[in-house]
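The values are calculated or read from the model by the stated rules, or taken from the named source; none is laboratory data. Small disclaimer: the values here were computed from a predicted structure and weren't measured. Backbone-built Cβ (ideal geometry, glycine too); neighbour counts: all protein chains shown.
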Amino acid sequence: MTSDIQKFEDPGLPEHVHRKADHDENAAKAAEKKVAILFVISALGTLLLIGSYYFVKSTTFIFLPIMGDTNAQQLGIGAGLGIALLFIGLGAIQWARTLMPDTEVVAERHEFRSEDKDREDFVATVKERAGAAGLGRRSLIKRSLGLAVGLVGLSPLVLLRDLGPLPRKYLSTTDWKSGTRLVLDPSGRPIKPEDLEVGAVAQVLPELPAGTERTLENIGKDAVLLIRIRPEEFNLDAERLSWTHEGIIAFSKICSHMGCAVALYEQQTKHLLCPCHQSTFDVTRAAKVIFGPAARPLPQLAITVDSEGYLVAKQGFTEPIGPSFWERSS
Amino acid sequence: MTSGIKKLSRYRRHRWAAPALLVVALIGLGTTFSVASEAPAAQNVAVTQQSSQITEGKRIFLQGCSSCHGLNAEGGAIAPSLIGVGAAAVDFQVGTGRMPMADMSQQAMRKKPVYDAVQTAALAAYVASLAPGPQAVDPTSLNYERDGNTAQGGTLFRNNCAMCHNFAAQGGALTLGKYAPTLMGVDPKYIYEAMITGPQSMPKFSDKTISPAEKLSIIKWIKAAQSEPSLGGASLGRVGPVTEGLLAWTLGLGLLIGIAVWLASKAR
């Protein structure tokens, strides 16, 4: 059988075909002209840049089909510089392709190992120079150099310390506590149940004790979305139902998948959508995940009203908000 | 037909075939983009009052709306009840052409209004007569340029609106084909009415959580965003990294690939 297999002869390298410009003087002239045209276009590009800078007002806008209203000066500068650089490159390539010698040269790789004589010479030189520098005699230099180099080596250890410390309880806690008032973000006004109509939403944060500054880290953990629907639309167990107030339900806005702000609320379907990875949560079923990569429902905040009728948290979040992390207990 | 394709096919290995295809593809992309990003023209509707408005409104309702919303606006399997939605909701839905719906797709789209201003006002008066609800907004009362605060509006917008309508109010996608429309070129009256009525997927933003003055600030910010010149060149729809990436990967890489092919080809 094996003898039946047709054997191909190695065709070798293709024959070197010379370019027209190599043997036809007219073609070479034409190629030269082409290269020159490319370089001249580049020069015109630079002139466009300079002209735009000096002669176009920085407040002039022109309309271009795809770009829309565009600042004419910036466009001229950018396009001019782009053309100038691009066409120098194009001209150089065209030059190399058509006119520069196209003889094919095979360069063999040399051996990696240096020749024995070079190696011996190197060792001799190092030995001689080390002796001349007097490292053996000048012990003060040797020691202080050792100190300097050693300390530099330690510096990454100090910098790497910033990778720690471990977050401890920081990721598991928020500023929501029993009795914390819900205040509107960003106005900071407290909110009453009757302020929210059915079908309305509000972005809220916990009221911080007087004198406490609200940081972005706080907002990143504390942000809560307040939604009011008809109470009969809830499909919750008794405990979760007791966490709502007159149809108002509160969820952490931080997605349990990657921590994006989940606030795309569709009031007809009662779905909450995360814009990052399309995790969809059903508000009527305690933010149960009905689509997307999120593994857990959004944590629900238990709410009630205080003696003045303002909405307050009944208790803090019962689980860590946001995405999973190593130390997360549940 | 086949001869045409054969003719074309003869050129498929032509040295200009690949660059020509690339240019055609890029022009196609650009054209699609520019057509898609054209903002619909704004409209202005003047509202006039009539004595027999409610009767007239009921007549129009029975003719044009009752097949879905019920003979008494009580709603049905495919359409919500309109009792208590108020004149503002009617003014928004009919005035922007969303109602009556052209087809039962995911979402009522903004289109050329079917009813004129007088008919819309009559319909609104009829629906408002069924039960109290938010009143239609008088455009002259919205002096957002005087009463609004752009910076405050921007903060409120980013907190309450940007997640659906995009950080530059260009609109964005929701679930299952629904979307938050762009706010560019929308009449301030309709922006205000949308906030108080919560049309379709949009929730309501009560006056107690976002006060009327704050709503004017939001409108002022939207208008400021709309007239913001694009100093950095093409805004690419102001939707962020998606179009920028698309353009860089198709146009930028396409160009680089073209140059690489040209570099490696043998000159004749």
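Data for the structure
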item	result
Selection count where residues are over 42 Å from the mean Cα position of the chain (by Cα) and not small (Gly, Ala, Ser), scope segment A:81-111	13
Test: residue in segment B:118-134 that is of a type outside the set (Lys, Arg), surrounded by fewer than 20 Cβ atoms within 10 Å (Cβ to Cβ) and under 23 Å from the mean Cα position of the chain (by Cα)	no
Qualifying residue in segment B:203-212 (condition: within 11 Å of chain A (Cβ to nearest Cβ) and small (Gly, Ala, Ser))	yes
Residue match in segment A:292-314 (condition: within 14 Å of chain B (Cβ to nearest Cβ), buried (at least 17 other Cβ atoms within 10 Å of the Cβ) and over 22 Å from B:Cys164 (Cα atoms))	yes
Counted residues, segment A:56-86 - those being assigned to a helix (DSSP H, G or I) and touching a Gly at 6+ places or on another chain (Cβ under 9 Å)	12
Among the residues listed as B:Ile222, B:Ile257, the single one being of a type in the set (A, V, I, L, M, F, W, C), closer than 30 Å to A:Phe87 by Cβ and away from chain A (no Cβ under 11 Å)	B:Ile257
Residue satisfying condition, being touching a His at 6+ places or on another chain (Cβ under 9 Å) and more than 14 Å from A:Lys253 (Cα to Cα), within set A:Gly309, A:Gly316, A:Gly292	A:Gly292
Enumeration of residues in segment A:20-62 that are more than 21 Å from A:Gly89 (Cα to Cα), within 12 Å of another protein chain (Cβ to nearest Cβ) and of a type in the set (D, E, K, R)	A:Lys20, A:Asp22, A:Asp24
Filter result (out of contact with any strand residue (DSSP E or B) (no Cβ under 7 Å at 6 or more places or on another chain) and facing chain B (nearest Cβ under 9 Å)) within segment A:64-85	A:Pro65, A:Ile66, A:Met67, A:Gly68, A:Gln74, A:Leu75, A:Gly78
Pick from segment B:15-35, criterion touching a helix residue (DSSP H, G or I) at 6+ places or on another chain (Cβ under 8 Å) and at pLDDT 75 or above, ranking: nearest to the other protein chains (Cβ to nearest Cβ)	B:Leu26
Flag for B:Glu228 being among the acidic types (Asp, Glu) and in contact with a helix residue (DSSP H, G or I) (Cβ under 7 Å, 6 or more places away or on another chain)	no
Qualifying strands (runs of 3 or more DSSP E) (wholly inside segment A:272-330; at least 1 residues being over 23 Å from B:Asn160 (Cβ atoms) and in the same structural domain as A:Asp195 (by TED's automatic domain parsing))	A:288-291, A:303-305
From the options B:Asp116, B:Asp103, B:Asp138, B:Asp187, residue that is more than 30 Å from B:Ser52 (Cα to Cα) and away from chain A (no Cβ under 14 Å)	B:Asp103
Tally, over segment A:215-231, of residues that are of a type in the set (D, E, K, R), surrounded by fewer than 20 Cβ atoms within 10 Å (Cβ to Cβ) and under 22 Å from B:Lys208 (Cβ atoms)	1
Matching residues, segment B:69-118, being part of a helix (DSSP H, G or I) and without any contact (Cβ under 8 Å) to a residue 24 or more places away in the chain	B:His69
Qualifying residue in segment B:238-259 (condition: surrounded by fewer than 20 Cβ atoms within 10 Å (Cβ to Cβ) and on the phi > 0 side of the Ramachandran plot)	yes
Residue list for segment A:9-34, filter: in a helix (DSSP H, G or I), touching a residue at least 60 places away in the same chain (Cβ under 8 Å) and within 49 Å of the chain's Cα centre (by Cα)	A:Ala31, A:Glu32, A:Lys34
So A:Thr284, is it over 20 Å from A:Glu217 (Cα atoms), out of contact with any strand residue (DSSP E or B) (no Cβ under 8 Å at 6 or more places or on another chain) and β-branched (Val, Ile, Thr)	yes
Count of residues meeting criterion [in a loop (DSSP other than H, G, I, E, B), of a type in the set (A, V, I, L, M) and more than 7 Å from chain B (Cβ to nearest Cβ)] in segment A:173-197	0
Positions within segment B:196-207 being touching a strand residue (DSSP E or B) at 6+ places or on another chain (Cβ under 9 Å) and assigned to a loop (DSSP other than H, G, I, E, B), in sequence order	B:Gly198, B:Gln200, B:Ser201, B:Met202, B:Pro203, B:Phe205, B:Ser206
Residue match in segment A:247-263 (condition: under 16 Å from A:Gln315 (Cβ atoms), assigned to a loop (DSSP other than H, G, I, E, B), among the charged types (D, E, K, R) and in contact with a strand residue (DSSP E or B) (Cβ under 9 Å, 6 or more places away or on another chain))	no
Residue in segment B:166-183 that is crowded, with 22+ Cβ neighbours inside 10 Å and within 11 Å of another protein chain (Cβ to nearest Cβ) present	yes
Test: residue in segment A:63-74 that is touching a Phe, Trp or Tyr at 6+ places or on another chain (Cβ under 9 Å) and small (Gly, Ala, Ser)	yes
Residue check, B:Leu216 more than 22 Å from B:Gly171 (Cβ to Cβ) and either crowded, with 16+ Cβ neighbours inside 10 Å or free of Cβ contacts under 8 Å to residues at least 40 places away in the same chain (or both)	no
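Let's see how each residue does on (1) more than 30 Å from B:Ser230 (Cα to Cα); (2) at pLDDT 90 or above; (3) out of contact with any Lys or Arg (no Cβ under 9 Å at 6 or more places or on another chain):
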position: A:Phe8; (1), (2), (3): yes, no, yes
position: A:Lys29; (1), (2), (3): yes, yes, yes
position: A:Thr46; (1), (2), (3): no, yes, yes
position: A:Ser52; (1), (2), (3): no, yes, yes
position: A:Gln73; (1), (2), (3): no, yes, no
position: A:Leu81; (1), (2), (3): no, yes, yes
position: A:Leu85; (1), (2), (3): no, yes, yes
position: A:Gly91; (1), (2), (3): yes, yes, no
position: A:Pro101; (1), (2), (3): yes, no, yes
